[in-house]
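The values are calculated or read from the model by the stated rules, or taken from the named source; none is laboratory data. Note that this is a predicted model, so its numbers are computed, not measured. Positions of Cβ are generated from backbone atoms using ideal geometry, with glycine treated the same way; all protein chains shown enter the neighbour counts.
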């Protein structure tokens with residue numbers, strides 16, 4: 001007598017398909033990772049790196065430090081409270097590189113190091129939002145690197161002789177394709193602080209989001225007029241670690257990117273220097289092979305091809321339209337995400353960025 005077939009439990013087919021698609025995604029990501037692997041040439045240089053000392057910038061700091069260790073022979077790491085000038089006098093580095101926002105490393109230390117004939121460089125993290133502060137710091141350095149292209153002429157007008165637009169990148173030690181469990185599942189995900197423009201924007205799409213599985217996290221979301229409508233889907237007032245952020249990006253069907261406004265009340269940019277370049281989050285989402293739905297920045301096309309490697313929106317209404325479309329076109333959504341991942345790995349990782357920085361300084 002033939003064995004009776006056991007009926008599949010409810011949801012088995014959907015679960016099987018979801019598992020198969022995720023396995024295929026991770027397999028394709030592995031192929032892309034191998035094809036885009038960066039071959040690091042080690043330079044005979046000694047670099048003293050001064051990290052920000054700010055916990056929120058740890059992924060950037062660590063990404064740069066790891067890249068330097070791949071690219072130069074000798075790396076020393078300090079924090080702003082260290083006597084960087086004394087350390088530089090002791091080890092005589094070829095370059096002192098400071099990751100800077102507000103005055104993390106005091107300019108008196110920078111001046112002392114320059115006085116020894118040692119090259120100094122700053123890489124500014126928050127341009128143009130704090131340019132009223134950084135414009136007083138930049139002239140103390142030999143080389144200035146900024147993630148915002150619109151700040152380049154500002155620093156040059158201040159007399160900085162060597163200014164380069166250099167975006168940040170993805171720290172792939174944190175942000176990468178990975179298998180995560182079901183608790184991170186979401187239709188739509190956004191992680192970041194609720195600056196004024198973000199709170200207002202999410203108010204306009206709150207009724208749409210209410211009908212989806214949503215994960216929002218960060219500070220100040222109580223500013224939303226419709227906060228009660230989404231409160232059970234918002235982790236308000238909490239910092240999400242890079243590792244957990246990457247888990248959410250990997251499991252979300254759509255990750256929203258919404259840049260900070262140039263006129264936010266927290267900014268220190270009296271002159272209204274525009275924000276044209278994309279934020280580091282763009283590359284972190286891309287490094288997770290997540291589908292990114294981003295607002296439009298002037299220079300976004302230099303980082304990703306809209307419609308091919310990233311999806312974009314110009315209004316709350318267009319976001320809703322695009323989100324609904326891609327939630328219902330899974331294969332197309334995943335194809336865009338994989339192309340975005342490939343572009344990220346080819347161009348937007350820290351070893352590649354730091355190599356550009358070193359080439360700018362040393363030729």
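Miscellaneous remarks
- Residues satisfying the stated conditions in the range 106-122, i.e. farther than 17 Å from residue 53 by Cβ and under 27 Å from the mean Cα position of the chain (by Cα): 120, 121
- Yes/no for residue 342 being modelled with pLDDT of 95 or more and touching a helix residue (DSSP H, G or I) at 6+ places or on another chain (Cβ under 9 Å): yes
- Sole residue being modelled with pLDDT under 95 and in contact with a helix residue (DSSP H, G or I) (Cβ under 7 Å, 6 or more places away or on another chain), chosen from 110, 102, 79: 102
- The residues in the range 113-171 that are part of a loop (DSSP other than H, G, I, E, B) and closer than 25 Å to residue 265 by Cβ can be counted, and the count is 9.
- Taken together, 294, 277 contain a single residue that is on the phi < 0 side of the Ramachandran plot, buried (at least 17 other Cβ atoms within 10 Å of the Cβ), part of a loop (DSSP other than H, G, I, E, B) and touching a helix residue (DSSP H, G or I) at 6+ places or on another chain (Cβ under 8 Å), which is 277.
- One residue from 146, 125 being at pLDDT below 95, crowded, with 20+ Cβ neighbours inside 10 Å, assigned by TED's automatic domain parsing to the domain that holds residue 60 and under 23 Å from the mean Cα position of the chain (by Cα): 125
- Evaluating residue 96 against the criteria (1) closer than 18 Å to residue 168 by Cβ; (2) touching a residue at least 40 places away in the same chain (Cβ under 8 Å); (3) crowded, with 21+ Cβ neighbours inside 10 Å leaves one unmet condition, (1).
- Flag for residue 105 being surrounded by 24 or more Cβ atoms within 10 Å (Cβ to Cβ) and closer than 19 Å to residue 144 by Cβ: yes
- Failed item, numbered, when residue 234 is tested on (1) more than 20 Å from the chain's Cα centre (by Cα); (2) surrounded by fewer than 20 Cβ atoms within 10 Å (Cβ to Cβ); (3) farther than 29 Å from residue 29 by Cβ: (2)
- Residue count for the range 200-217, restricted to those that are touching a helix residue (DSSP H, G or I) at 6+ places or on another chain (Cβ under 8 Å) and part of a helix (DSSP H, G or I): 8
- Residue list for the range 311-325, restricted to those being in a helix (DSSP H, G or I) and surrounded by 19 or more Cβ atoms within 10 Å (Cβ to Cβ): 319, 323
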